[in-house]
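Note sheet for the following structure.
Coordinate-derived values only; no laboratory data. Because the structure is predicted, anything quoted here is derived from the model rather than measured. Note: ideal-geometry Cβ built from the backbone for every residue, glycine included; neighbour counts use all protein chains shown.
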Amino acid sequence: MIHVTINGKPVEVSEGSTIMEAAETVGIRIPSLCHMKNVHQYGSCRICVVEVEGMKNLQASCMAKVREGMVIRTHSPKVLAARKVLYELLLSNHPKDCLNCSRNTNCELQELGYELGVGESRFEGAMTKPMVDISPSITRDTSKCVLCRRCVTVCTQIQKVGAIQAQNRGFDTVVSPAMGLPLNSTACAMCGQCTVVCPTGALKETDGLAPVWRALADPEKRVVVQVAPAVRAALGEEFGLPVGTPVTGKMATALHEIGFDDVFDTLFSADLTILEEGTELLGRLNAALKGDESQKEKAVLPMITSCSPGWIKHIEHQFPEELDHLSTCKSPHTMLGAVVKSFYAERTATAPENMFVVSVMPCTAKKYEIQRPEMEVDGNRDVDAVLTTRELARMIKTAGIDFVNLPEGEFDAPLGLGTGAADIFGVTGGVMEAALRTVYEVVTGKELPFDKLHVAPIVGLEQVKTASITIEDTLPAYEHLKGVTVNVAVTSGLEGASMLMDEVAAGTSPYHFIEVMGCPGGCINGGGQPRCTEENYREKRSNALYSEDERKVLRKSHENPDLMKLYSEYLGEPNGHLSHHLLHTHYVKRGKYNQLV
Ligand code: FES
């Protein structure tokens, strides 16, 4: 242990700690624009400087390690003066158009100015050449970039994608894909994790609000909205509610008040996904285990989930030879879009082209996904607009709705009912658990033998989780599966996905079924979720979804009565002809410049 004194307080910390970490242990927060807990790589902003007795120069506390006997001052006059100058220098290369910026009132640079008491910037000089790059998911505005490189860390260190890097030197320095290419011409997965860590408005979701407001004002359009599970676990944060407060009912009320014609729940189509994907898995297991040569093509295992469009784009770029492992199911919100524009359009005598489907998602990659040519049926796009959780919050504020005091509302029938299994789709391990709840019962006629139906080994936020389930007894139709041990793996974040895919590509994967979510922790931590720095925020959001699941009477997808009615009255059977037409898709091999290969 090392002993230091910080602002007069004695502090004992383990060797190797930084000054910033040591200060944190005694409740002293040192300001920063570039620091990232546990993965900090670049000390680029220098806002975190502190004074150390006996050292001539101020030290960057995020990088400098504690040494025995150090006497540190984190807020001395010399430190505050230096921070002010550093801040003003940053501001001298910033457009200062806060009133027009989407991060206004939610910008770390702005907050820091307030904290440091900077009135105006005394410096004027050369400015970085501005450049705006608008991809379907992410908008980059280099004029607002403070070169903190958090986005580079998240893209290269956490997601291990490496789509962006700092390029050039001096005033030409810019965080960008290689050769200044637009993001859409790269292997960027569009996960949007960079937009979550960006301290300013340099990286944000591409605006989806304008077409939604236009559709709402168009009397010809029937505007249908649906909301993903993870949104309800985080939306409240934008209105000051404690992290992890589920706001399902208030959210439904707010969407009605905004004026959507139908407020449906993506939970319904998460249940639909389980029926389709579970049936597909059983088909593959049957084909593999019955040893029927004619079925061999169907027997590609492990089967891998396909709900996460960031993951889909990643595998298309990085493992293009392994696409047969992906389930052919579309993601739940595009499934619901396809059902709205067929079944529901028919029921309401609305022309599909006059149906306008809006998906509120925790995800930026879904903005890219809806533009894929594969995501349409009979010339109608499955989904017309995707809004992130952050954008929905803005929409609610623009509509002047007092969200916190809203009464609890309901989703509309017939596509608004979801089981508890669908709630947990928003957290890593949830899709797998939902699938197992149904598949196990279909095969054995018995409930999944886990406490409260939670498959304990795959609950939690670890990068890779695994479980093995032995099928002891079966219903007569599945006798060939008697005694089979099904191995499953779950991962979230693209680094974990790549690790599991290396095994798949090498032919050594021991798993039958793999769940992949593109963002670390799953959709609760998606690139479109509120920016949150609170300790354990992912656990809290995840608990919100598990509590939504546990409070429900119906907790297995195949128990959803409205879904069963959709099958009996319209779709026929899971994986049947109409289901395939509406709800399944295919994938494409992509090169590193996002070209089809
Ligand atoms: Fe230390 Fe940015 S936080 S240099």
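Taking the average, over residues, of other Cβ atoms within 10 Å as the packing measure, peptides 49-60, 337-348 rank 337-348, 49-60 from highest down. Could you give the angle, 0 to 90 degrees to the nearest 10, between helix 389-398's Cα long axis and the longest principal axis of the Cα atoms of the chain? Approximately 80 degrees, to the nearest 10.
Within the stretch 91-216, the proportion of C-alpha pairs whose separation exceeds 18 Å stands at 55%.
Compared with the alpha-carbon gap, the fully stretched path from Gln371 to Asp218 is longer by 52.9 nm at 0.36 nm per residue.
Packing around the peptides 96-106, 547-557, taken as the average count of other Cβ atoms within 10 Å per residue, puts them in this order, highest first: 547-557, 96-106.
The residues packed around Glu53, meaning those with a beta-carbon under 12 Å from its beta-carbon, carry a net charge of +3 if Lys and Arg are +1 and Asp and Glu are -1.
Taking 0.36 nm per residue of sequence separation and removing the Cα-Cα distance, the Ser92/Met564 pair yields an extension gain of 163.8 nm. Computed from backbone phi with θ = phi - 60° and the Karplus coefficients 6.51, -1.76 and 1.60, the 3J(HN,Hα) list for the stretch 23-36 is 4, 4, 5, 10, x, 9, 9, 9, x, 7, 10, 10, 5, 9 Hz; x is used for glycine and proline. Against the longest alpha carbon principal axis of the chain, how many degrees, from 0 to 90 and to the nearest 10, is the axis of helix 494-506 turned? Roughly 50 degrees, rounded to the nearest 10. Evaluated at q = 0.17, 0.19, 0.21, 0.28 Å⁻¹, a Debye calculation over the C-alpha positions of the stretch 227-295 (equal weights, vacuum) places log10 I(q)/I(0) at -0.71, -0.80, -0.90, -1.14. With unit charges on the beta carbons (Lys and Arg positive, Asp and Glu negative) and the dipole taken about the Cα centre of the chain, which residue among Val553, Asn7, Leu183 sits farthest to the positive side? Farthest towards the positive pole: Asn7. Residue separation of Glu68 and Glu539 scaled by 0.36 nm, minus their Cα-Cα distance, works out to 166.0 nm of gained length. For the chain, the pair-distance distribution built from all alpha carbon pairs, in bins 10 Å wide starting at 0, is 3, 16, 26, 25, 17, 9, 4, 1, 0 percent. Computed from the Cβ-Cβ distance with R0 of 30 Å, the FRET efficiency linking Met179 to Leu99 stands at 0.30. Against the main long axis of the alpha-carbon atoms of the chain, helix 537-550 sits at an angle near 30°. The string of couplings for the stretch 511-517 from the Karplus curve (6.51, -1.76, 1.60, θ = phi - 60°) is 9, 9, 9, 10, 9, 10, 10 Hz, one whole number per residue in order, with x for Gly and Pro. Over the stretch 183-308, the fraction of Cα-Cα pairs per 10 Å bin, rounded to whole percents and listed from the shortest bin up, is 10, 23, 29, 22, 12, 3. What translational diffusion coefficient, to the nearest whole µm²/s, does the stretch 448-495 have by Stokes-Einstein, given a Kirkwood radius computed over alpha-carbon pairs, a temperature of 4 °C and 1.567 mPa s viscosity? So the translational diffusion coefficient is about 104 µm²/s.
For the stretch 5-76 versus the stretch 463-494, the spacing of their alpha-carbon centroids is 49 Å. Quick check for you: which residues of the stretch 92-116 have the amide N under 17 Å from the point 7 Å beyond the Cα of Met127 toward its beta carbon? Label zone hits: 92-102. Between amide H atoms placed 1.01 Å from N, distances below 5 Å from Asp382 occur with Glu376, Val377, all of them 5 or more places distant or on a separate chain.
For Cys363, the residues whose modelled amide H falls within less than 5 Å of its own, excluding neighbours fewer than 5 places apart on the same chain, are Thr389, Gly528.
Packing, taken as the mean count of other beta carbons within 10 Å per residue, orders the peptides 455-466, 380-391, 124-135, 419-430 from highest to lowest as 419-430, 380-391, 455-466, 124-135.
Amide hydrogen proximity for Gln167: with H placed 1.01 Å from N in the peptide plane, the residues at 5 or more positions away or on another chain lying under 5 Å are Val174, Val175, Ser176. Evaluating 6.51 cos²θ - 1.76 cosθ + 1.60 at θ = phi - 60° for every residue in the stretch 487-493, the Karplus couplings come out as 9, 10, 9, 10, 9, 9, x Hz, glycine and proline recorded as x. Entry note, the chain: the mean residue ellipticity at 222 nm calculated from DSSP H runs of n ≥ 4, each adding -39500 (n - 2.57), is -8500 deg cm²/dmol after division by the residues and rounding to the nearest 500.
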